[in-house]
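Below you'll find the structure, written out as structure tokens, and then a few comments.
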Amino acid sequence: MTDRMAGEDQPFTSAELGEIEAEARAAIEAASSLPALDAAERDALGKRSRFSGLYRELGRISPDGRKSAGQVLHELRRRLEDMADSRRAELEAVERAERMAADHLDLSEVLPGELAGHLHLVTEVREQLEDVFVGMGYEIAEGPEVETDWYNFQALNIPLDHPARSSVDTFFLELAGSEDARYLLRTHTSPVQIHLLERGELPIYAVVPGRVYRRDTPDATHLPVFHQLEGLVIDHGITFGDLAGTIDTFVHAIFGEQVSTRLRPAYFPFTEPSAEFEMTCQICGGSGCRTCSMTGWIELGGCGMVHPAVLEATGVDPEEWTGFAFGFGVDRLAIMRHGISDMRAFVENDVRFLRQFA
Ligand code: PHE
């Protein structure tokens, strides 16, 4: 009893307080989980704790003593609560780190002897095509996959009643109210011709790779989402001969000199004259198979001299400038290049197929 604080009135000794504090501190520090910490805090400060017992005893002493003793207890409570709060922050950080470690998925890990990731075959073929055209002095351009009716159809001189506009072939988007401003998924890369012409920078030597969408049922040579490469050349004195030579050059650059290409008269509203270009089917070597529908030829794409109406729609003078455009399916070219008999393999993601093209 020699140790009473601030006179006879104190209901506790400083040694007693020190003991309570040391015990609580040890329990809080030892708590190794959030529930354990809650329990330690309850033991130290809760209703049934020694600490609360002291608080209750304050009622039995004189008002003066009660004030200073209350202060001392209040400070002790604050110290213990601070201690518990900082321990709680530590435990929460540990728990968060453990949770993140458990959720962590290392997608970059390559185990020795395992297959490393690589570009998809269609991407590889697209890059080869880009290299061929960059070698001929073309720029690589891009355009949006979501287009308006104007860019995909109207500016390309595609009349309102053209079958290509029907919803049988086109994915329309419900983004805009009015018919004229209808949004859609581009059905070809030709709308990028319009974007390039609208820049007003002539001459143009550009190729445009990109994804296009059509409401086709997948089969050996069709996918509803596929890739095209568009070409656009606008300059002084460009002729159909330049177009034919360009097609021949890139087909031979990709396939070698032994393959044949041919142009067949065709109709596209945005070119005049227009043609389809075909190459020898590489699956059967030209003798006829399921992939080429027994014709020995595979249609790669369309081409022609840019229609004056397209130039006019974009403010380019057709008296001064002429040019050609072409567009073809990159996926189809890729199956020819690698002797793949069914294009659906590109989207099935069967690694036994994909890993052959690492
Ligand atoms: N856009 C046409 C198609 O997808 C191909 C094409 C491009 C034809 C350029 C002529 C000129 O079928």
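Under 5 Å between amide hydrogens, built in the peptide plane, is the criterion, and for Gln10 it picks out Met5 among residues at least 5 positions away or on other chains. Close amide H partners of Phe324, meaning residues 5 or more places away or on another chain with modelled amide H under 5 Å apart, are Val233, Val306.
Annotation: amide H-H contacts under 5 Å for Thr271 (H modelled 1.01 Å from N, sequence separation of 5 or more, or interchain): His307.
Only one residue of Pro318, Phe328, Phe270 has its Cα farthest out toward the positive end of the dipole of segment 121-355, where Lys and Arg carry +1 and Asp and Glu -1 on Cβ, and that residue is Phe328. Taking every full run of DSSP H in the chain, the ones that stretch at least 20 Å from end to end by Cα along their long axis and average 0.5 or higher on the Kyte-Doolittle scale are 240-255. Taken along the Cα-to-beta-carbon direction at a fixed 7 Å, the label points for His162 and Val134 span 3.2 nm. Shape call for segment 1-129 from the C-alpha gyration tensor, a ≥ b ≥ c root eigenvalues: rounded (a/c under 1.5), prolate (a/b greater than b/c) or oblate? Prolate is the answer for segment 1-129, as a/c is 1.5 or above and a/b outweighs b/c. The charge dipole of segment 195-274, taken about the Cα centre with unit charges on the Cβ atoms of Lys, Arg (+1) and Asp, Glu (-1), comes to about 300 debye, rounded to the nearest 20.
When each of Ile140, Ile204, Ile335 is scored by the number of other beta-carbon atoms lying within 10 Å, the sequence from fewest to most is Ile140, Ile204, Ile335. I'd like the FRET efficiency for Asp235 and His104, computed as 1/(1 + (r/R0)^6) with the beta carbon distance as r and R0 of 45 Å, rounded to 0.05. The computed FRET efficiency comes out at 0.25.
In plain terms, the chain from Glu142 to Glu75 could stretch by 17.2 nm, reckoned as 0.36 nm per residue minus the Cα-Cα distance.
Just to be sure I understand: if I project the alpha-carbon convex hull of the chain onto a plane and average over all orientations, what area do I get in nm²? The directionally averaged projection comes out at 33.0 nm². Applying a 4.7 Å Cβ-Cβ cutoff to the chain leaves Cys303 as cysteine residues with no disulfide-compatible partner. Rounded to the nearest 500 deg cm²/dmol, what is the calculated helix-only ellipticity per residue at 222 nm for the chain, with -39500 (n - 2.57) per DSSP H run of length n ≥ 4? Helix contribution divided over all residues of the chain: -12500 deg cm²/dmol.
Readers should treat all values here as calculations from the given coordinates under stated rules, not as data from a laboratory. Computed from a predicted model, the values in this text were never measured in an experiment. Heads up, the Cβs are rebuilt from the backbone with ideal geometry, glycines too, and the neighbour counts pull from every protein chain shown.
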